[in-house]
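One structure is given here, and the rest of the page talks about it.
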Amino acid sequence: MSVEPIEAKPAFPPALSQHQEYNDLESGASSSRTSSDATVTSKTLSVGDLEKFYSKHGVHIVEFEPGTGEDPREWSVGKKWFVTAATSFLCLAAALGSSLVTGDLEGPVQEFHAPHEMINLTVTLFVVGFGVGPLLFAPLSEVFGRKPIYCISMFLYFIFTLPGALAPNRATLIVSRGLAGIAASAPMCNVGGTVADIWETKDRGLPMAIFSASGFLGPCLGPLFGGWIGEKAGWRWLYWVLFIFVGICFIFTLFIPETLPSVILHQKARRLRKKTGDDSYKTVGELEHEPLLQILKVAVSRPIIMMFMEPIVLFMSLYLSFVYALLYLLFFAFPIAFREIRGWTHGGMIGITFVSIMIGIISALFIMPYQERLYAKVTRDGSFPEARLYPMMVGAIIFPISLFMFAFTGAYASVHWIGVCISGTVFGFSMIILYISANSYIVDSYSNFAASAMAAKTLMRSCVGSAVPLFVNQMFHAMRFQFAGLLLALVACVIGPMPFIFYRYGERIRCGSKRATKARRGEGFKSDPKALGH
């Protein structure tokens with residue numbers, strides 16, 4: 001709901017967080033940190049009005065005391081960075097698990113006498129879990145807090161990784177991977193919320209970049225390490241190494257403090273009630289909460305509705321799903337280019353070639369601050385979502401170029417291997433600027449329903465990406481490498497105009513939607529009071 005990752009830096013004005021969308025107010029926080037929508041009493045009352053209302057009726061509203069460090073945004077910089085690094089590490093572990101096993105897929109094929117397509121399900125089902133899990137974990141984290149969900153998620157991920165290492169048959173291997181994928185999805189959808197809990201909007205750029213990097217670098221690190229592990233120790237050690245690594249990550253979760261303001265305030269209110277014996281100490285969240293079943297119903301149904309009813313969500317999700325699918329396609333296409341066409345025999349050396357994609361990813365993250373400067377310049381007269389599309393328009397041009405390069409460098413052994421790696425670098429660069437820009441556009445366009453919009457994108461992205469392992473080998477062998485790559489490049493050319501179309505007509509589309517913001521160029525979000533919570 002992230003969910004992935006929210007992989008992008010939150011928009012201005014800050015989009016509603018998931019607990020605000022699910023009508024779980026950040027109780028007692030300052031009015032600048034809470035939605036002004038009441039959940040039960042009145043959707044037209046501000047949080048301050050609710051506090052006055054309940055105070056008149058003898059309720060002691062529990063709030064953060066400024067300067068005491070109770071508010072997560074008042075924590076020390078060191079503590080904030082510890083939480084950011086630790087949670088990003090969890091995200092890295094989840095992303096790494098999706099691709100580490102590609103380091104040696106041939107091992108279980110031979111041991112279990114199974115077709116390649118069946119063993120490729122170990123990747124497919126894990127990625128499917130990334131889309132399904134957030135529909136449950138994201139709303140639960142807004143009710144019970146970030147830390148319990150992190151702990152439960154990583155513990156289950158830890159447990160369900162073990163059957164892969166001990167699998168006596170292919171069924172055990174495949175089923176355990178599917179369950180592990182669902183369990184591992186919590187960091188992917190909740191780390192963005194954690195970062196938003198502790199950092200002010202103006203300070204989130206670098207923390208969000210680190211979070212974004214962990215989500216994209218993880219899949220690339222999988223074949224990098226997995227190739228050597230599979231070659232030197234065998235395929236089962238891929239699962240043993242992942243099992244050990246996830247176990248370490250689970251220990252990390254025990255030291256991560258709770259960051260969700262509503263939960264911290266609830267704990268404070270409970271302590272005050274116990275200390276004073278006065279049950280009138282309450283948080284606004286306790287007084288204005290929705291039933292858990294209602295929250296879950298919204299969390300599951302609204303993303304699906306928005307996926308098909310909102311053109312921006314639908315087409316942006318389709319575009320990003322194609323990009324995401326190609327990332328996983330390269331995990332299978334790179335070995336074809338280097339092992340089958342060029343005759344490389346060392347799986348570890350093939351894994352090292354994925355460093356090229358990582359270089360592109362890191363390079364793109366370094367230039368994203370310039371995008372923020374461009375955004376500030378373009379929106380001097382008022383913010384509007386389409387101002388987020390400039391990097392995506394550039395990426396839409398570079399992206400097919402990387403695929404043309406890959407198709408006609410990877411297909412011929414006579415072409416130096418560095419050509420394939422250069423195409424990987426260009427691909428990684430374009431992928432990141434496409435992703436961050438598109439995610440920002442979605443969040444800006446649906447600021448009051450950002451969590452659901454991102455959940456819809458994540459669900460579609462995971463479903464499309466998970467299908468790639470089931471056909472990529474057949475596609476590149478039957479069509480021949482250069483023509484399979486050419487087909488992908490041509491598809492990228494066909495969908496390339498999409499950001500330009502939304503830049504031109506996005507405002508008209510949003511104004512015709514019941515859920516999208518109505519911000520206009522030259523007027524900004526001020527032209528849409530709902531986007532500001534008024």
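Amide H to amide H, which residues 5 or more places from residue 520 or on other chains are under 5 Å from it, using H placed in the peptide plane?
Under 5 Å from the amide H of residue 520: 527.
Take peptides 93-100, 453-460, 312-319, 213-220 and line them up by average Cβ neighbours within 10 Å, highest first, as a rough protection proxy.
Ranked by mean Cβ neighbours within 10 Å, highest first: 453-460, 93-100, 213-220, 312-319.
Picking from 66, 133, 209, whose Cα lies most toward the positive end of the charge dipole for the chain (charges on Cβ: Lys, Arg +1; Asp, Glu -1)?
209
Once each part is reduced to its C-alpha centroid, what is the distance from the stretch 301-370 to the stretch 223-286 in angstrom?
28
Solvent-accessible area per residue for the chain at a 1.4 Å probe radius, Å²?
39
State to the nearest 20 debye the size of the charge dipole of the chain about its Cα centre, where the only charges are +1 on K and R beta carbons and -1 on D and E beta carbons.
480
Output the Cα-based Rg and Dmax of the stretch 157-214 in Å, rounding Rg to one decimal and Dmax to a whole number.
Computed over the Cα atoms of the stretch 157-214, radius of gyration and Dmax are 16.5, 52 Å.
As a check on your grasp of the helix formula, calculate [θ] at 222 nm for the chain: sum -39500 (n - 2.57) over DSSP H runs of n ≥ 4, divide by the residue count, round to the nearest 500.
Theoretical 222 nm ellipticity from helices: -22500 deg cm²/dmol.
Roughly how tilted is helix 417-445, in degrees to the nearest 10 and between 0 and 90, from the longest Cα axis of the chain?
Result, in degrees: 20.
May I ask for the percentage of alpha-carbon pairs in the stretch 293-340 that lie more than 14 Å from each other?
Tail of P(r) above 14 Å: 66 percent of Cα pairs.
Toward the positive end of the charge dipole of the chain, about the Cα centre and with charges on Cβ (Lys, Arg +1; Asp, Glu -1), which of 451, 85, 173 goes farthest?
Final value for the positive-end residue is 451.
Given the peptides 182-193, 349-360, arrange them by the average over their residues of other C-beta atoms within 10 Å, most packed first.
Result, highest mean Cβ count within 10 Å first: 182-193, 349-360.
Residue by residue, what Karplus-based ³J(HN,Hα) values in Hz, rounded to whole numbers, does the stretch 164-175 have, using 6.51, -1.76 and 1.60 with θ = phi - 60° and x for Gly and Pro?
x, 6, 9, 3, x, 8, 5, 5, 4, 4, 6, 5
Viscosity 1.002 mPa s, temperature 20 °C: what is the translational diffusion coefficient of the stretch 97-217 from Stokes-Einstein with a Kirkwood Rh over Cα pairs, rounded to a whole number of µm²/s?
Answer, rounded: 138 µm²/s.
Evaluate the relative contact order of the chain (contact order divided by residue number), counting alpha-carbon pairs under 8 angstrom at least 6 apart; express in whole percent.
24
Let me check the size of the stretch 190-346 from its C-alpha atoms; what are the radius of gyration and Dmax in Å?
Considering the stretch 190-346 through its Cα atoms, Rg and Dmax are 23.0, 76 Å.
Convex hull over the alpha-carbon atoms of the stretch 330-456: what's its volume per residue in Å³?
Expressed per residue, the convex hull around the Cα atoms of the stretch 330-456 is 109 Å³.
Dividing the convex hull volume of the alpha carbon atoms of the stretch 95-167 by its residue count, what do you get in Å³ per residue?
Spread over its residues, the Cα hull of the stretch 95-167 gives 83 Å³ apiece.
What is the percent carbon and sulfur in the accessible area of the stretch 93-201, measuring with a 1.4 Å probe over the protein chains and ignoring ligands?
Carbon with sulfur: 75 percent of the solvent-accessible area.
In whole Hz, what ³J(HN,Hα) sequence does the stretch 499-506 give by Karplus (6.51, -1.76, 1.60; θ = phi - 60°), x for Gly and Pro?
x, 5, 5, 5, 5, 7, 10, x
Using alpha carbon coordinates only, what is the Rg to Rh ratio of the stretch 121-163, with Rh defined as the Kirkwood radius?
1.02
I need the phi-derived Karplus couplings for the stretch 107-122: 6.51 cos²θ - 1.76 cosθ + 1.60, θ = phi - 60°, integer Hz, Gly and Pro marked x.
Running phi through 6.51 cos²θ - 1.76 cosθ + 1.60 with θ = phi - 60° gives x, x, 4, 6, 5, 9, 6, 10, x, 4, 4, 5, 5, 5, 4, 5 Hz.
If you average 1/r across every pair of different Cα atoms in the chain and take the reciprocal, what Kirkwood value do you get, in Å?
Answer for the chain: a Kirkwood hydrodynamic radius of 23.8 Å.
Over the alpha carbons of the stretch 135-281, what is the largest minus smallest coordinate on each principal axis, giving the biggest first in Å?
63, 36, 25
Largest first and in whole Å, give the semi-axes of the stretch 312-396's equivalent ellipsoid, each being the square root of 5 times a Cα gyration tensor eigenvalue.
They are 36, 16, 7 Å, listed largest first.
Where the convex hull is taken over the Cα atoms of the stretch 419-481, what is its projected area averaged over directions, in nm²?
Mean shadow area of the hull around the Cα atoms is 5.5 nm².
What pairs in 457/514; 297/457; 80/268; 79/268; 79/282; 297/514 have C-alpha atoms more than 22 Å from each other?
79/282, as the Cα separations exceed 22 Å there.
Take the Cα pairs of the stretch 401-534, get the Kirkwood Rh, then feed it into Stokes-Einstein at 25 °C and 0.890 mPa s and tell me D in µm²/s.
Translational diffusion coefficient: 139 µm²/s.
Which net charge results when you count Lys and Arg as +1 and Asp and Glu as -1 among the other residues whose beta-carbon is under 15 Å from that of residue 125?
+1
The values are calculated or read from the model by the stated rules, or taken from the named source; none is laboratory data. The structure displayed is predicted, hence computed values, not measured ones. For neighbour counting, all protein chains shown are included, and Cβ atoms are generated from backbone atoms with ideal geometry for every residue, glycine included. Please note that ligands, DNA and RNA were not included when accessible areas were found on the heavy atoms of the full protein model with its side chains. Shrake-Rupley method; radii C 1.70, N 1.55, O 1.52, S 1.80 Å.
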